[in-house]
Amino acid sequence: MLLPHFLTICALLCASVVLFQTVIAESTYYQLITGMAGGSSSNNTVTQEEGHIPPIFYGEQWATLNVDGWEERDIPVFFGDENALLRKGAGMRFNSRFCGQGGRTVLSAHVTAHFYELETTKIGTHITMDTKYGKYVYEVVDTLIFHYQDNSALSPKEDEGETLFLYTCYPRKNGYQFKKQRLALICRKIEGKEWKTYG
Amino acid sequence: MKKVLSIVSACLVLVGVVAMMVAPVSAATPKEDIIAKAKELIPAAYQAEYLPLLENVLQQVEVDSEQAAAVIKNMEAAKAAVKEDKGDSMSDYTNAEQKAVLAEVKDACTTLGLTCEITPAENPVHKGDVDFYVYKGEQKIADIDFDVKKTNTSVDYTMITVAALLVVVAAGAAVYGKKLVASR
């Protein structure tokens, strides 16, 4: 007699927990409210070495991205590209270079959020990265469509120089569906200070 | 006149020698030493991926010359453990080679006051993919995988589907319960 009621209550409780964990707890607003949002701890201090960019800690927002012609403005850019960071903005691949270090800076973001307009961005468009150590301007010089299992597409090519590589899922018209392709914009640096690396 | 010229020349040479002796020689920093050794040991084909990775860890920590020397020894031991270049994926190497290299990596992390964790990839794209984490105390300073990111949405639709099914079960149980009550 009581079994159906018991089943109802249990099922509703389980559904609530799953929904909370999956959607609400992962939302930016919830994280802001509970103080879970934000970058790295301020307890980590490292001396800035001469000629090098200031230390940037994992999870820290180190830049803001703006693309000419986009409605989306001031996209936060984080160091690292784990899921929790991609929920908040664009994530920088850990084994890529920071702006000004002479290599490739690889950024990714969700096509349903911050990089929705990537697909309609034209060659010649200017992109600005306002970093914590200076401003960098890039120009889109090429686009690339690659398979999601092709990690090599993210690696810099020989003699590529300093570039910004922005990528997201493709095509965007498929909405939230899992996509096997990625679209990238390859951008060449046209303005910004050079910094040393350790090698 | 000749004597004057030779004295002046000798003085100029002497000044030049002294200037060279006191001129500041830019010494490599401990982090530069580590990267220089990495450049020597890592095959050229993989340097574009691994050197930025190593630098991005090092720029988040302080390293003195003793620590650098110890880390360099770990790097040399790791290189010695791998008999030949079989590829850039861990799964390309034998268990013994993987174990030996990981032991040196963990030891190097300990030297720098860090801990590291290697786990099977949460979202593997290739067979044998791993996720590599580095911590400084409680704080994560690296979350490394080499994969292309999933960038369609941040919402986990599998869990949404499970939640929806549970709601359907709950509704079904409620309706069944009502019918039971009505039949009495």
Determine which single condition A:R97 fails, assuming it passes every other condition in (1) surrounded by 23 or more Cβ atoms within 10 Å (Cβ to Cβ); (2) free of Cβ contacts under 8 Å to residues at least 60 places away in the same chain.
(2)
Kindly provide the set of residues from region B:92-133 that are at pLDDT 90 or above and hydroxyl-bearing (S, T, Y), ordered by number.
B:T110, B:T111, B:T115, B:Y133
Quick one: in region A:161-179, which of the residues that are of a type outside the set (F, W, Y) and facing another protein chain (nearest Cβ under 10 Å) is nearest to A:G51 (Cα to Cα)?
A:T168
Is one or more of the residues making up region A:148-160 within 12 Å of chain B (Cβ to nearest Cβ), under 26 Å from B:D143 (Cα atoms) and either in contact with an Asp or Glu (Cβ under 7 Å, 6 or more places away or on another chain) or in a strand (DSSP E or B) (or both)?
yes
Looking for something facing another protein chain (nearest Cβ under 9 Å), more than 27 Å from B:K127 (Cα to Cα), crowded, with 19+ Cβ neighbours inside 10 Å and in contact with a helix residue (DSSP H, G or I) (Cβ under 7 Å, 6 or more places away or on another chain) - is there at least one such residue anywhere in region A:58-77?
yes
Within region A:131-149, tally of residues that are surrounded by 17 or more Cβ atoms within 10 Å (Cβ to Cβ) and under 16 Å from A:M92 (Cβ atoms)
4
Answer with yes or no whether B:Q67 is outside any loop (DSSP other than H, G, I, E, B) and out of contact with any Gly (no Cβ under 8 Å at 6 or more places or on another chain).
yes
Has region B:112-122 got any residue that is of a type in the set (S, T, Y), touching a residue at least 24 places away in the same chain (Cβ under 8 Å) and touching a helix residue (DSSP H, G or I) at 6+ places or on another chain (Cβ under 8 Å)?
no
If you scan region B:131-152, which residues turn out to be within 13 Å of the chain's Cα centre (by Cα) and either closer than 27 Å to A:A113 by Cβ or surrounded by fewer than 18 Cβ atoms within 10 Å (Cβ to Cβ) (or both)?
B:D131, B:F132, B:Y133, B:Y135, B:K140, B:I141, B:A142, B:D143, B:I144, B:D145, B:F146
Cβ pairs under 6 Å, 6+ apart or interchain, first in region B:80-106 and free of Cβ contacts under 8 Å to residues at least 60 places away in the same chain, second among the polar types (S, T, N, Q), ordered by first then second residue, are B:M90/B:Q98; B:E104/B:N74
For B:V101, are the conditions met, namely being part of a loop (DSSP other than H, G, I, E, B) and under 16 Å from the mean Cα position of the chain (by Cα)?
no
Answer with yes or no whether A:N43 is polar (S, T, N, Q) and either under 24 Å from A:Y167 (Cα atoms) or at pLDDT 95 or above (or both).
no
What is the number of the single condition among (1) in a loop (DSSP other than H, G, I, E, B); (2) modelled with pLDDT of 95 or more that A:E26 does not meet?
(2)
Among all residue pairs at least 6 apart or on different chains, which show Cβ distances below 7 Å where the first residue, located in region A:161-185, is assigned by TED's automatic domain parsing to the domain that holds A:V140 and within 19 Å of A:V140 (Cβ to Cβ) and the second is of a type in the set (G, A, S) and crowded, with 22+ Cβ neighbours inside 10 Å?
A:F165/A:A184; A:L166/A:A184; A:Y167/A:S108; A:Y167/A:A184; A:T168/A:S108; A:T168/A:A109
For region A:86-132, which residues satisfy the criterion of being over 21 Å from A:I56 (Cα atoms) and assigned to a loop (DSSP other than H, G, I, E, B)?
A:H110, A:V111, A:T112, A:A113, A:H114, A:F115, A:T121, A:K122, A:I123, A:G124, A:T125
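The values are calculated or read from the model by the stated rules, or taken from the named source; none is laboratory data. Nothing here was measured: the structure is a model prediction, and the numbers come from that model. Ideal geometry is used to build each Cβ from the backbone, glycine not excepted, and the neighbour counts take in all protein chains shown.
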